[in-house]
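What follows is a short report on a single structure.
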There are 2 protein chains.
Amino acid sequence: VCADSLERVTTICVPDEQAREIVGSLDGIDVLVWNGKGSAPDLVSAVDMFVPGYSTEPDPAAAFEQMPALSVVQLLSAGVEPWLGLLPPGVVLCNGRGVHGGSTAELAVAGILSALRELPKFHVAQLSHRWERTSTDGLDGKRVLVVGAGDIGARIAASLTPLGAEVTLVARRAREGVHATGELPALLPVHQVVVIAVPHTPDTERMVDVAFLAAMPAGALLVNVARGSLVDTEALLAELRSQRLSAFLDVTDPEPLPPDHPLWDAPNCVLTPHVGGGTRGWQRRAYRLVREQAMRLHNGDRLQNVVGEAY
Amino acid sequence: VCADSLERVTTICVPDEQAREIVGSLDGIDVLVWNGKGSAPDLVSAVDMFVPGYSTEPDPAAAFEQMPALSVVQLLSAGVEPWLGLLPPGVVLCNGRGVHGGSTAELAVAGILSALRELPKFHVAQLSHRWERTSTDGLDGKRVLVVGAGDIGARIAASLTPLGAEVTLVARRAREGVHATGELPALLPVHQVVVIAVPHTPDTERMVDVAFLAAMPAGALLVNVARGSLVDTEALLAELRSQRLSAFLDVTDPEPLPPDHPLWDAPNCVLTPHVGGGTRGWQRRAYRLVREQAMRLHNGDRLQNVVGEAY
């Protein structure tokens, strides 16, 4: 232990009182509360790490002006799009990888199983007290393609495999056990379920286009738990209307989906309103990460989840 | 290879032509088609292994009278209740353990995730084009108790663990990694999800009674993918009506559930009409087992799934 680290104080700024409570007290670390909007608290000029609220959109430029000592922006979300290009030079951006991965993977698994086992149909039968025993599809022997081999993709694969599915992972670059996106044209036709679980970047924008969908076999299920803009909505609507494909979408383009949008009533399409992350208890997971990062910053250790390394 | 085994012919009897096709041809094995009802085919007196249909209920006594050479009854279901005590002396009963395990585990996982993530609620919102983003519960940090540590229980545990659940297995007798049913009173209060996946036997009849349900913590979810008679329906109804517990039931007592039964409309109760097993493709899995068992019988090898050993 060097004397310098014992004397130095690291200042972090979290968006609300609940966050401060969960972070608790940490030796050598001051915790301020500010969401980046309105008047800033005393000592804001000392802030080393700024944690914006999960779904608030402050004016970053105005906030950053008051934090000349800033070295890290720690997001609570996995997606980083709104922040790209907005940080002052030299400030490191870290995302919330791992905070929502479990719940997003969980929603993908829920959507796949609910679709294959026709739970919405049985729910409608229950509402009218009808015991209609029919044979449904199931995962056994199915091949599932997960586009995105990060935390979410790995959890989906681990959860589906014991149920009899054979899971193939795809990422930007091939590695042990993971195929490259360049192989998609060959992989899509032999998979009955395709899950999109990649971040939104210029490379992935509209990756699920007419050709991607056409390469999926008849009867296949598309699952999107990533971002709506990864999918060409018009192309997907055409495949749904012809009943060649079905879909489970937690994210759409646009969001929120306007009441008159045709996706609401498209055949074999189940929608949830972007609820993949943010299940109850996410704050506990999020501020466990913030705590760890603050301690790493204070101790001069390497930060986790630095954007650019994670993708 | 001994000369005797080359000359001996083993005769098996399957319930329909589709079954015979899937079993295909096997060296030294004759395959007859008979479902145990009506007039028997020639050579029925030579049958060594009888495979009754999946959901047919023949008159076993009349069928067995015509099969004096019978040594094995191979069921296609995991449950064996209707056959207990009905076999001629010396005839071995084997069940379909493993055939439906994957799809039954899959339905349990689908039911748990659908309930926690409130998919029925979002489905109703979709029907009226409402984008209502609300925070739901999720598996992360939850403790799941699976009563039944067989194939189904093991698959449920393997599927839920990557989603952040901590799974506890319970069986009749404790073993490495498995608790004994005697420990249930201590285990129930600390688990937020309880899955029933044990066979129906005199020991398990009504095991989920008033005391069992009362030991579950407020807000907990009961999942039954085994048999309706394992649960005291009146006791469960009381817990559902007070909204202390919720339930996902694939099996009920009685079955089919009459249109005026109160379970249909009980609060926080999702029902499916006994569709845990029998997903499309189950025949392929079932007759792969029959093929293997026929070859074991022919070669004098130890049979799999002998009832009494499996439980």
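The values are calculated or read from the model by the stated rules, or taken from the named source; none is laboratory data. Model, not experiment: these values are computed from the prediction. Note that each Cβ is placed from the backbone with ideal geometry, even for glycine, and that neighbours are counted across all protein chains shown.
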Quiz prompt | Only listed residue being more than 7 Å from chain B (Cβ to nearest Cβ) and at pLDDT 95 or above, chosen from A:Leu113, A:Leu160, A:Leu127 | solution = A:Leu160
Quiz item: Across segment B:130-157, what is the total count of residues that are within 7 Å of chain A (Cβ to nearest Cβ), hydrophobic (A, V, I, L, M, F, W, C) and buried (at least 21 other Cβ atoms within 10 Å of the Cβ)?
Solution: 1
Quiz item: How many residues are within 14 Å of A:Ala105 (Cα to Cα) and under 19 Å from the mean Cα position of the chain (by Cα) when one looks only at segment B:134-171?
Solution: 2
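On the basis of being surrounded by fewer than 15 Cβ atoms within 10 Å (Cβ to Cβ), closer than 24 Å to A:Val80 by Cβ and out of contact with any Ser or Thr (no Cβ under 6 Å at 6 or more places or on another chain), does A:Arg227 make the cut? Steps first, answer last, please.
Details: surrounded by fewer than 15 Cβ atoms within 10 Å (Cβ to Cβ): no; closer than 24 Å to A:Val80 by Cβ: yes; out of contact with any Ser or Thr (no Cβ under 6 Å at 6 or more places or on another chain): yes.
Spelling it out, it is not the case that A:Arg227 is surrounded by fewer than 15 Cβ atoms within 10 Å (Cβ to Cβ), closer than 24 Å to A:Val80 by Cβ and out of contact with any Ser or Thr (no Cβ under 6 Å at 6 or more places or on another chain).
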Practice problem: For B:Gly28, work out the one condition from (1) without any contact (Cβ under 8 Å) to a residue 60 or more places away in the chain; (2) over 24 Å from B:Val307 (Cα atoms) it doesn't fulfil. | Solution: (1)
Practice problem: Could you list, in sequence order, all residues of segment B:290-308 that are among the β-branched types (Val, Ile, Thr) and in a loop (DSSP other than H, G, I, E, B)? | Solution: B:Val307
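Within the group A:Gly182, A:Gly164, which residue is out of contact with any strand residue (DSSP E or B) (no Cβ under 8 Å at 6 or more places or on another chain), small (Gly, Ala, Ser) and touching a residue at least 24 places away in the same chain (Cβ under 8 Å)? I'd like the intermediate steps shown before the answer.
Working: A:Gly182 fails: touching a residue at least 24 places away in the same chain (Cβ under 8 Å).
Of A:Gly182, A:Gly164, the one residue that is out of contact with any strand residue (DSSP E or B) (no Cβ under 8 Å at 6 or more places or on another chain), small (Gly, Ala, Ser) and touching a residue at least 24 places away in the same chain (Cβ under 8 Å) is A:Gly164.
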Quiz item: If we scan segment B:78-87, do we find a residue that is modelled with pLDDT under 90, among the aliphatic types (A, V, I, L, M) and farther than 17 Å from B:Val225 by Cβ?
Solution: yes
Self-check item: Subset of segment A:271-287 that is part of a helix (DSSP H, G or I) and modelled with pLDDT under 90 - its residue that is surrounded by the most Cβ atoms within 10 Å (Cβ to Cβ)
Solution: A:Arg285
Quiz item: List pairs: first in segment B:252-264 and within 8 Å of chain A (Cβ to nearest Cβ) and among the hydrophobic types (A, V, I, L, M, F, W, C), second part of a loop (DSSP other than H, G, I, E, B) and surrounded by 14 or more Cβ atoms within 10 Å (Cβ to Cβ), Cβ under 6 Å, 6+ apart or cross-chain?
Solution: B:Leu257/A:Trp131; B:Trp264/A:His129
Practice problem: Identify the residue in segment B:85-99 that is surrounded by 18 or more Cβ atoms within 10 Å (Cβ to Cβ) and in contact with a Ser or Thr (Cβ under 7 Å, 6 or more places away or on another chain) and, among all such residues, is nearest to the other protein chains (Cβ to nearest Cβ). | Solution: B:Gly96
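Filter segment A:14-45 for residues that are farther than 11 Å from A:Val290 by Cβ and assigned to a strand (DSSP E or B) and give the result. Before you say what the answer is, go through the steps one by one.
As a first pass, look at segment A:14-45 and keep what is farther than 11 Å from A:Val290 by Cβ: A:16-18, A:21, A:25, A:27-28, A:30, A:32-45.
Within segment A:14-45, A:Asp30, A:Leu32, A:Val33 meet the criteria.
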Self-check item: Hey, A:Gln243 polar (S, T, N, Q), outside any helix (DSSP H, G or I), more than 14 Å from chain B (Cβ to nearest Cβ) and over 18 Å from B:Lys121 (Cβ atoms) or not
Solution: yes
